[in-house]
1. Quick check on the stretch 118-133: of everything there that is surrounded by 12 or more Cβ atoms within 10 Å (Cβ to Cβ) and either at pLDDT 95 or above or hydroxyl-bearing (Ser, Thr, Tyr) (or both), which residue is farthest from Arg48 (Cα to Cα)?
2. Across the stretch 17-28, what is the total count of residues that are within 18 Å of Asp146 (Cβ to Cβ) and surrounded by 17 or more Cβ atoms within 10 Å (Cβ to Cβ)?
3. Which one is nearest to the chain's Cα centre (by Cα), of the residues in the stretch 12-31 that are assigned to a helix (DSSP H, G or I) and of a type in the set (A, V, I, L, M, F, W, C)?
4. Among the residues of the stretch 97-113, is any under 16 Å from the mean Cα position of the chain (by Cα), farther than 22 Å from Ser135 by Cβ, of a type outside the set (Asp, Glu) and surrounded by 13 or more Cβ atoms within 10 Å (Cβ to Cβ)?
5. Quick one: which of Ser20, Ser41 is out of contact with any His (no Cβ under 8 Å at 6 or more places or on another chain), among the hydroxyl-bearing types (Ser, Thr, Tyr) and closer than 21 Å to Asp153 by Cβ?
6. Report, ordered by the first and then the second residue, all pairs with beta carbons closer than 8 Å, sequence separation of six or more or different chains, a first member in the stretch 52-81 that is free of Cβ contacts under 8 Å to residues at least 12 places away in the same chain, and a second member that is part of a loop (DSSP other than H, G, I, E, B).
7. Got a number for residues in the stretch 54-75 being in contact with a Pro (Cβ under 7 Å, 6 or more places away or on another chain) and surrounded by 15 or more Cβ atoms within 10 Å (Cβ to Cβ)?
8. So, of the residues in the stretch 32-53 that are closer than 24 Å to Thr129 by Cβ and under 8 Å from the mean Cα position of the chain (by Cα), which turns out to be surrounded by the fewest Cβ atoms within 10 Å (Cβ to Cβ)?
Amino acid sequence: MSFPTNSGTRKMGPARAWESIKGTFGQVKDNAMKLRDDSASGDVAADRVTRFVAMLSDSLDNLATAVGVPGLLAYAQEQLNDPAFQVVTEYTAARNEMTACRDWIVANFPADGSGYLLYHQFGVGGRITVRQLPSASLAGLRTQLDALLATLD
């Protein structure tokens, strides 16, 4: 017999799954707001955008795991205490906007003809420097982030 853990959907109950989903969306919201605001006020380090897209990808994986927990929908509706709130509709809208942000970054991040990302270079004394992405080049991302933020309370 092996030691029981709290990992996986079989071990995750509706309460834990609900908290995981809310926590994931909260983290996404905080990071999206900060990136949107910072990119509107000036240049942003390219590696920050790559970390953001990695966080989105990880968050989408976490959501996919948590949403598969049996009894989650009934539990979420009970916790919200609002029969008019469409849990599945709102969840799907937020997840779709996360995917749209991720896909925008993947499609628009500076890359060479082979798809290798262009965000480091050798600077003075052989030190590696990180490319700064101009605010104007991130206008499309801000549009995506605004759409995402509109789905998160």
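The values are calculated or read from the model by the stated rules, or taken from the named source; none is laboratory data. Since this is a predicted model, take the numbers as computed values, not measurements. Reconstructed Cβ throughout: ideal geometry from the backbone, glycine too, with neighbour counts over all protein chains shown.
1. Residue satisfying both the conditions and the ranking: Thr129.
2. The total comes to 2.
3. Val28
4. yes
5. Ser20
6. Between residues of the stretch 52-81 that are free of Cβ contacts under 8 Å to residues at least 12 places away in the same chain and residues that are part of a loop (DSSP other than H, G, I, E, B), the close pairs are Gln77/Pro83; Gln77/Phe85.
7. 3
8. Selected residue: Val53.
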